[in-house]
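Nothing in this text is a laboratory measurement; each read-out follows from the coordinates by a stated rule. Computed from a predicted structure; not experimentally measured. In this analysis, Cβ positions are derived from the backbone assuming ideal geometry, glycine residues included, and neighbour counts consider all displayed protein chains.
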Amino acid sequence: MEITRQCVVALTWTLKDTLGEVLDELDEPVEFMVGGDDLLAKIEDALQGHEPGAKVDLHLEPEDAFGEYNEQLVFLEPRGLLPEVLEEGMAFEGLPAGGNADAPKDLLYTVTEIYPEHVVLDGNHPLAGIALRLHLKVERVREATEEEAGSGTAGTGFFKVQREAPGGATLH
């Protein structure tokens, strides 16, 4: 079956930055809805017309991937607002109660630095501002179920657009 809009494609991939450092590798196929919300538009466009076994190499600039880095989504919050056990890399849905009232409430914030009195929380996607190289392999293609077509997803959201942020879309 050929990839078209409203189908489900099982992919494996290697994701690298432009220096060739591997950022993510997916060895076991994962299903994504084409024509839904699971994949970035550039990936969907590149997959059109391909069949199982096809290999596709893409270069994605930040604006075609996870957006430009937005310094306005970085917040310094009092240490006491966050759980006692805290590590860099931990993520929180929204800022804690009592945090910056101007911060978007529906972002995923990552702890990037911990100080005795403050914590730096970053609402940018970890890959924001980075150009990416993506090597995809199409493992399987099938028709989408009615449920998948109706919801726009095969249940996988690695590339899914989830939230809007000031100054443009932020992807998670």
Percent of alpha carbon pairs in segment 71-122 separated by more than 17 Å? 21
Close Lys-Lys pairs in the chain, where close means Cα under 25 Å and separation is 8 or more or interchain: 11
Of the candidates VAL85, VAL34, VAL141, which one comes out as most mobile in a Gaussian network treatment of the chain with C-alpha springs shorter than 10 Å? VAL85
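In the chain, once you exclude exposed trypsin sites (Lys or Arg not before Pro) (DSSP loop, at most 14 other Cβ within 10 angstrom), what's the longest stretch remaining? Numbers along the way, then the final one.
Values: sites that count: ARG5, LYS105.
For trypsin sites (Lys or Arg not before Pro) (loop position, at most 14 other Cβ atoms within 10 Å), the longest site-free span of the chain is 6-104.
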Projected area of the chain, taken from the Cα convex hull and averaged over every viewing direction, in nm²? 11.1
I'd like the Karplus ³J(HN,Hα) series for segment 39-53: coefficients 6.51, -1.76, 1.60, θ = phi - 60°, whole numbers in Hz, and an x wherever there's a Gly or Pro. 10, 5, 4, 5, 5, 4, 4, 5, 7, 3, x, 7, 10, x, x
Among ALA97, LEU86, LEU26, whose Cα lies farthest out toward the positive end of the dipole of the chain, if unit charges sit on the beta carbon of Lys, Arg (+1) and Asp, Glu (-1)? LEU26
